[in-house]
Amino acid sequence: MLAALAGTVALWPSGDLPDSTIDSGRPIGATVTAVAAGSCTKPGEVNVADTPDDKGPQRCLTLTLRLTEGEAEGTTLRKLIPIQPTTPRFAAGDDIVLAYTGGDPTTPDAYQVKDFQRGLPLLLLAALFALAVVALGRWQGLRALIGLIFTFGALALFVLPAILDGRDPLLVAITAAGLIMFATLYLTHGVSARTTVAVLGTLVSLVLIGVFAAIFSGLAQLTGLDEPTATLISSLGHGIDTRGLLLAGVVIGALGVLDDVTVTQASAVWELRQANAELTWRELYRSGLRIGRDHVASAVNTLVLAYAGAALPVMLYTAISGVGLGTILTSQDIAQEVLRTLVGSLGIIAAVPVTTAVAALVVHREPLGAPQISRAKRRTG
């Protein structure tokens with residue numbers, strides 16, 4: 001814990017976030033009041049987008065928008081959008097986000113249609129999630145939500161600014177993982193020997209994940225230069241340690257699953273001890289390991305599906321590219337997901353015997369309470 005705090009102090013960002021070299025405009029809220037499909041030609045001029053192709057003349061959507069923010073709030077504008085396979089479906093009443101790029105704020109050319117407004121649905125979903133966690137977990141669920149808020153705070157206030165400030169991404173990720181691990185586990189499950197065992201198991205597994213990720217990303221010559229990272233570099237205007245950024249994502253991504261595995265293993269060993277106080281530490285270890293095997297099988301599958309779901313568009317694109325399966329799996333984008341999956345799975349596999357062994361050694365040395373002693377005497381008597 002002291003090392004994590006010292007690392008946080010040493011790696012803390014020095015100033016404000018750097019400005020992007022790409023001006024994407026100032027976000028402005030608007031509401032769609034009408035939608036019509038028709039020609040791309042504006043009145044009195046010929047629009048290049050209206051030039052016929054092999055499939056006929058290009059058609060456009062005409063969006064009637066009412067600005068709900070900005071200097072021209074309340075102004076009604078009409079914006080032409082070419083109809084393409086990637087064009088979203090708009091309907092009257094949709095709340096959207098425009099990018100104000102400068103100029104006369106009452107003219108359509110000063111704005112670009114960027115996205116939909118999703119604040120309210122996401123807030124409702126977050127409220128439903130928080131209600132479900134508290135309803136099932138009660139006070140422990142409330143503490144878990146506080147831990148979740150701490151996790152978001154650590155990512156937003158430390159991880160992102162520190163990496164953008166030029167700090168080593170892997171060191172930042174390891175330090176942040178230590179902070180999150182200590183704060184969330186002890187806050188959610190309380191300060192006890194059981195929680196400390198879970199912390200130790202998580203820590204050892206994170207170290208192994210970092211080592212394996214560094215070794216095999218170097219052997220596989222993974223650069224970390226996928227499309228989002230390339231966009232980030234263009235926005236920053238200077239280079240960044242892309243392989244370190246890849247490794248940082250591996251460490252942070254595996255932390256959540258590791259917490260689940262180590263806490264479950266520690267709790268299982270404690271419950272086995274409570275159910276049968278006569279078990280030796282070797283018997284506790286073997287019994288806990290049998291439980292851990294089932295947990296590992298499901299957790300690894302969960303990790304694989306989680307990364308596959310995140311990389312699904314990339315997998316679909318490479319599937320129609322006409323190259324072989326081996327080329328697809330070893331391409332930069334897919335190989336990164338393979339590395340995340342397999343290295344994270346190795347960490348999970350290592351977490352089970354490590355956590356189980358430490359838990360068995362610790363719980364076997366804990367003194368039994370009176371209720372446990374009486375139950376043990378009834379079983380043997």
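The values are calculated or read from the model by the stated rules, or taken from the named source; none is laboratory data. These numbers come from a predicted model, not from an experiment. Cβ placement follows ideal geometry from the backbone for every residue including glycine, while neighbour counts extend to all protein chains displayed.
Name the residue, out of A99, A130, that is touching a strand residue (DSSP E or B) at 6+ places or on another chain (Cβ under 6 Å) and over 30 Å from G7 (Cα atoms). Break it down stepwise before answering.
Values: A130 fails: touching a strand residue (DSSP E or B) at 6+ places or on another chain (Cβ under 6 Å).
The unique qualifying residue is A99.
Tell me the residue from A220, A230, A213 that is surrounded by fewer than 16 Cβ atoms within 10 Å (Cβ to Cβ), in contact (Cβ under 8 Å) with a residue 24 or more places away in the chain and either within 15 Å of T341 (Cα to Cα) or within 20 Å of the chain's Cα centre (by Cα) (or both), please. Reasoning before the result, please.
Numbers: A230 fails: in contact (Cβ under 8 Å) with a residue 24 or more places away in the chain; A213 fails: surrounded by fewer than 16 Cβ atoms within 10 Å (Cβ to Cβ).
When all the criteria are applied, what remains is A220.
Which of the residues that make up the range 122-137 are surrounded by fewer than 11 Cβ atoms within 10 Å (Cβ to Cβ) and of a type outside the set (G, A, S)?
L122, L123, L124, L128, L136 - these are the residues of the range 122-137 that are surrounded by fewer than 11 Cβ atoms within 10 Å (Cβ to Cβ) and of a type outside the set (G, A, S).
Tell me which of these A198 doesn't satisfy, since it passes every other one: (1) within 20 Å of L2 (Cα to Cα); (2) at pLDDT below 90; (3) crowded, with 19+ Cβ neighbours inside 10 Å.
Here A198 clears every test but (2).
Six or more apart or on different chains, Cβ under 7 Å: which pairs go from a residue in the range 78-92 that's closer than 11 Å to L63 by Cα to one that's surrounded by 10 or more Cβ atoms within 10 Å (Cβ to Cβ) and among the aromatic types (F, W, Y)? Could you list them?
K79/Y111
Just to be sure before I move on: is T106 among the β-branched types (V, I, T), loosely packed, with under 12 Cβ neighbours inside 10 Å and in the same structural domain as E69 (by TED's automatic domain parsing) in the structure I sent? Write out each step before concluding.
Details: among the β-branched types (V, I, T): yes; loosely packed, with under 12 Cβ neighbours inside 10 Å: no; in the same structural domain as E69 (by TED's automatic domain parsing): yes.
Spelling it out, it is not the case that T106 is among the β-branched types (V, I, T), loosely packed, with under 12 Cβ neighbours inside 10 Å and in the same structural domain as E69 (by TED's automatic domain parsing).
Return only the number of the condition from (1) surrounded by fewer than 18 Cβ atoms within 10 Å (Cβ to Cβ); (2) out of contact with any Ser or Thr (no Cβ under 9 Å at 6 or more places or on another chain); (3) over 30 Å from D165 (Cα atoms) that R273 does not satisfy.
Single failed check for R273: (1).
Of all residues being assigned to a loop (DSSP other than H, G, I, E, B) and of a type in the set (D, E, K, R) in the range 61-103, which is nearest to C40 (Cα to Cα)? Just the residue, please. Break it down into steps so the answer makes sense when it comes.
Applying the first criterion (assigned to a loop (DSSP other than H, G, I, E, B)) to the range 61-103 yields 68-75, 83-94, 101-103.
Still in the running and of a type in the set (D, E, K, R): 69, 71, 73, 89, 94.
Working: E69: 27, E71: 28, E73: 26, R89: 17, D94: 22 Å.
Ranking the qualifying residues of the range 61-103, first place goes to R89.
Answer yes or no as to whether D50 is modelled with pLDDT of 85 or more and among the acidic types (D, E).
On the way: modelled with pLDDT of 85 or more: no; among the acidic types (D, E): yes.
Judged against the criteria, D50 is not a match.
Please find, within the range 323-337, the residue that is modelled with the lowest pLDDT out of those that are over 17 Å from L225 (Cα atoms) and part of a helix (DSSP H, G or I). Break it down into steps so the answer makes sense when it comes.
Keep residues of the range 323-337 that are over 17 Å from L225 (Cα atoms), which gives 323-327.
Those still in the list that are part of a helix (DSSP H, G or I) too: 325-327.
Details: L325: 62, G326: 67, T327: 70.
Going through the qualifying residues, I end up with L325.
For the range 256-265, which residues satisfy the criterion of being in contact with a Gly (Cβ under 7 Å, 6 or more places away or on another chain) and modelled with pLDDT of 90 or more? Spell out how you get there, then give the answer.
Initially, the range 256-265 is screened for residues in contact with a Gly (Cβ under 7 Å, 6 or more places away or on another chain), giving 257-258, 262, 265.
Answer for the range 256-265, where residues must be in contact with a Gly (Cβ under 7 Å, 6 or more places away or on another chain) and modelled with pLDDT of 90 or more: T262, Q265.
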